[in-house]
Each structure stands twice: as structure tokens, then as C-alpha cells.
Amino acid sequence: MGVQFGSFDDICGTAALVVCPLVGTAQGIEPSCYSRNVEVGGNLIFQPSTCFVHIVAIIMTAIMIFHIRSKYTAVGRKEIVMFFYMYTVIELLAMFLDSNIIPTANASYPWFAAIYTGLVASAFCCLLINGFVGFQFAEDGTPLSLWFLRISSLVVFGVGFFIAIATFKGFAGFSYSKPIALWIIYILWPIICAAVYVISQLVLVFRTLEDRWPIGDIVFGAAFFTVGNVLLFAFSVTICDAIKHYIDGLFFFTLCMLLSVMMVYKYWDSITREDLEFSVGSKAAVWEVKDPLLSNGLDYSEEDTASAYHGGVAPSLVGGVSGQQLYQKGGMGMRGYPPSDRY
């Protein structure tokens with residue numbers, strides 16, 4: 001297969017992409033070989049094996065988001081979790097679009113496909129910006145860092161959405177027969193963002209980290225991304241014919257993209273260390289202050305309810321230490337949390 005700049009003819013002739021029914025001709029471009037359909041409840045479901053991978057991807061991403069959010073003081077936590085939220089929405093939309101739950105002949109399909117295109121472009125923009133969070137050009141978790149990421153992603157989403165819907169509908173000078181701008185935002189832009197992210201993380205590891213093991217996560221992530229694209233755009237028809245239309249290259253592409261995203265999480269997790277001294281875990285009650293004057297006569301004499309953190313005063317056998325004393329002697333903030341905990 002030869003890839004021609006600005007043309008989806010060869011690409012869509014090989015791979016069943018979301019945008020293929022809407023570009024090239026008025027009827028779109030149909031791949032020469034694609035996964036066979038199954039009938040469920042009187043409805044035809046396209047790409048059933050790929051839809052299964054979409055469901056697995058949503059579940060795995062939810063698990064990764066849970067673990068990221070539990071690392072309260074990890075560097076870049078709020079920035080990287082936004083990428084995983086976007087990926088979850090992309091997989092959900094792709095499941096509906098690939099499976100024909102939203103039929104290609106439906107009037108809403110171009111709009112959902114445009115949203116999908118904008119989200120893909122926006123997610124790669126988010127990943128690109130996350131690649132520079134570790135360099136601390138702006139302190140992570142601050143409004144400057146977060147709003148720069150949000151606004152940039154929103155702008156890229158708006159540009160991608162407009163280019164896609166204008167190409168599908170043929171207005172504002174765009175045409176489905178010459179989808180050059182759509183080709184750039186859908187095919188070229190993700191490759192550029194992924195390449196810049198990999199290079200920036202390699203520079204970060206070599207310059208700032210003594211541990212070289214995270215390089216393995218970067219290499220594996222880049223390898224999965226590359227293999228997924230090669231299998232989709234070069235060998236999809238070969239795979240489809242060899243396995244008698246049960247699966248095609250889109251199945252392996254979706255699976256490899258999931259593995260790439262998992263490597264992004266694995267890499268981020270390996271280079272971030274949570275500051276347990278200031279983290280708020282499941283035992284939050286340890287930090288609570290129980291003042292005997294506010295206990296309504298309850299006796300806390302047998303319970304160690306105060307933290308000795310930074311010289312905090314332990315409760316006596318008679319009563320306990322007041323919240324004011326703990327604040328003055330222990331250096332604690334309101335409700336017993338450290339003043340420096342900004343998460």
C-alpha cells in the first residue's frame with residue numbers, strides 16, 4: 001500500500017477508519033476486506049472483535065484513572081489524568097461508530113465522526129503537552145499549568161471538529177473529495193505528537209533521572225504505536241484474508257493503541273514518587289483533631305487521636321490536646337492537614 005499525502009483513497013481501501021464512509025466520494029470509500037458482521041437481536045454489529053477491545057480499553061482506562069487519582073502528591077497527576085479521560089471518551093465513541101450502532105447512513109454520523117476526530121487530535125495535543133510537564137516550565141497542578149493544558153486541548157478539538165465537519169459537509173472551502181486538511185489533523189498530527197512526546201521523555205530521563213528503567217516503558221509504548229499503525233495501514237487486508245474475515249487490521253490497531261496507552265501510564269507511574277509524608281490516604285482519621293471540649297462528654301483518653309508529626313503534642317491520660325495547641329506546636333493546618341498539601 002502506498003500512502004499519498006492528503007489522500008484517503010489508499011488508506012481507506014485498506015483500513016476501515018471512522019472517516020472512510022465520509023471522504024473520497026459521496027458514498028465514501030469501502031475497504032477491500034473487513035471483519036465480518038454478527039447479528040445481535042436483529043441488529044447487525046460491525047467489527048465485533050474490535051468492539052470487544054474497545055470495552056476492555058474502557059475498563060482498563062478506568063482502573064488506570066483510579067490509580068492515578070489515588071496518588072495525591074505525584075507530579076503531573078492532574079495533567080496526565082486528563083489524557084486518560086479523553087482516551088476513555090474516544091474509545092466509547094469509536095465503539096458506537098465502528099459497530100454501526102450509529103449507522104453510517106444516519107444524519108448524525110458525520111457529527112459524531114467530527115467529534116471523534118476532534119477528540120483524537122485533542123488527546124494527542126494533551127499527550128504532547130504532558131511531555132513537557134516534567135521540565136517544570138510551569139509548576140504542575142497550578143492554575144497556569146492546568147488551564148494552559150485545557151485551553152490548548154480545547155482549541156485543537158475545535159479546529160479538528162471544524163475541519164472534519166466542514167470536509168464531510170463540503171462547506172467553507174473544504175471538500176470530501178480533497179480532504180487534505182482532514183488528512184493532516186487525522187493522520188499526520190498524531191504521529192508528530194507521539195514522536196515529540198517520545199523524544200521529550202527520553203531527554204527527561206537522560207537529563208534528570210538516575211534510573212534508566214523507564215526507558216523500557218517509552219520504547220515499548222513507541223513500539224506498540226508503530227506496530228499498530230503498520231498492521232492497520234500495511235497489512236490489514238493480508239490479515240483479513242488470512243483469517244477469513246474474522247478480524248482485520250483495525251482489531252490489532254485498537255489493541256496496540258491500548259497497550260501504548262498502558263505504557264504511558266506505566267512510564268508515568270515509574271518516574272513519579274508519591275510524597276507519603278504529605279499524602280492523604282485511606283487513614284485520614286489519623287489527622288483529625290478530637291478536642292475533648294467538643295466531644296460532648298465522650299472519653300477519648302484511651303485513643304491516640306493526635307499526630308506527633310513535627311513535634312505534635314500527644315494527648316494526656318486525662319483528656320487530649322486542643323486543636324489550637326496542635327496548630328501552634330505541630331505546625332498543622334486546618335483540620336490537621338499539612339499547610340503545604342496543595343492537592
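Residues checked against (1) within 28 Å of ILE29 (Cα to Cα); (2) of a type outside the set (D, E, K, R):
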site	(1), (2)
TYR87	yes, yes
THR104	yes, yes
PRO110	yes, yes
VAL133	no, yes
THR142	no, yes
ARG150	no, no
SER177	yes, yes
TYR186	yes, yes
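The residue list ALA234, ALA222, ALA242 contains one member that is more than 28 Å from PHE135 (Cβ to Cβ), surrounded by fewer than 21 Cβ atoms within 10 Å (Cβ to Cβ) and in contact (Cβ under 8 Å) with a residue 12 or more places away in the chain, which is ALA234. Of all residues in region 122-180, exactly one satisfies the criterion of being aliphatic (A, V, I, L, M), part of a loop (DSSP other than H, G, I, E, B) and either in contact (Cβ under 8 Å) with a residue 40 or more places away in the chain or open to solvent by 50 Å² or more (accessible area, probe 1.4 Å) (or both), namely ALA172.
In region 171-227, what residues are small (Gly, Ala, Ser) and within 19 Å of the chain's Cα centre (by Cα)? If the condition is that a residue be small (Gly, Ala, Ser) and within 19 Å of the chain's Cα centre (by Cα), then ALA194, ALA195, SER200, GLY221, ALA222, ALA223 are the ones that fit. Count of region 1-16 residues, restricted to those that are in contact (Cβ under 8 Å) with a residue 12 or more places away in the chain and either open to solvent by 10 Å² or more (accessible area, probe 1.4 Å) or assigned to a loop (DSSP other than H, G, I, E, B) (or both), is 11. So which residues in region 53-68 are open to solvent by 20 Å² or more (accessible area, probe 1.4 Å) and within 13 Å of THR272 (Cβ to Cβ), if there are any at all? Listed by number, the list holds a single entry, HIS67.
If I ask for residues that are assigned to a helix (DSSP H, G or I) and crowded, with 17+ Cβ neighbours inside 10 Å, which ones from region 69-79 would you list? Show your work before the answer.
Of the residues in region 69-79, the ones assigned to a helix (DSSP H, G or I) are 69-70, 77-79.
Across region 69-79, the qualifying residues are ARG77, LYS78, GLU79.
Looking at ARG36, is it more than 20 Å from the chain's Cα centre (by Cα) and either loosely packed, with under 14 Cβ neighbours inside 10 Å or farther than 30 Å from ILE180 by Cα (or both)? Can you show your working first?
Details: more than 20 Å from the chain's Cα centre (by Cα): yes; either loosely packed, with under 14 Cβ neighbours inside 10 Å or farther than 30 Å from ILE180 by Cα (or both): yes.
In short, yes.
Among the numbered conditions (1) more than 30 Å from SER175 (Cβ to Cβ); (2) part of a loop (DSSP other than H, G, I, E, B), the only one that MET82 does not meet is (2). The set of residues from region 208-219 being modelled with pLDDT of 90 or more and open to solvent by 70 Å² or more (accessible area, probe 1.4 Å) comprises just one member, VAL219.
A single member of TRP183, TRP213 is within 27 Å of THR272 (Cβ to Cβ), out of contact with any His (no Cβ under 6 Å at 6 or more places or on another chain) and among the aromatic types (Phe, Trp, Tyr), and it is TRP213. Residue selection: ALA74 satisfies the criterion of being at pLDDT below 95 and either in contact with a Ser or Thr (Cβ under 6 Å, 6 or more places away or on another chain) or over 28 Å from VAL159 (Cα atoms) (or both).
Looking only at region 252-268, residues that are more than 14 Å from the chain's Cα centre (by Cα) and open to solvent by 40 Å² or more (accessible area, probe 1.4 Å) come to 3 in all.
The values are calculated or read from the model by the stated rules, or taken from the named source; none is laboratory data. Computed from a predicted structure; not experimentally measured. Methodologically, a virtual Cβ is constructed for each residue, glycine included, from the backbone with ideal geometry; neighbour enumeration extends over all protein chains shown. Side chains included, ligands, DNA and RNA excluded: accessible areas come from the protein's heavy atoms. Shrake-Rupley method; radii C 1.70, N 1.55, O 1.52, S 1.80 Å.
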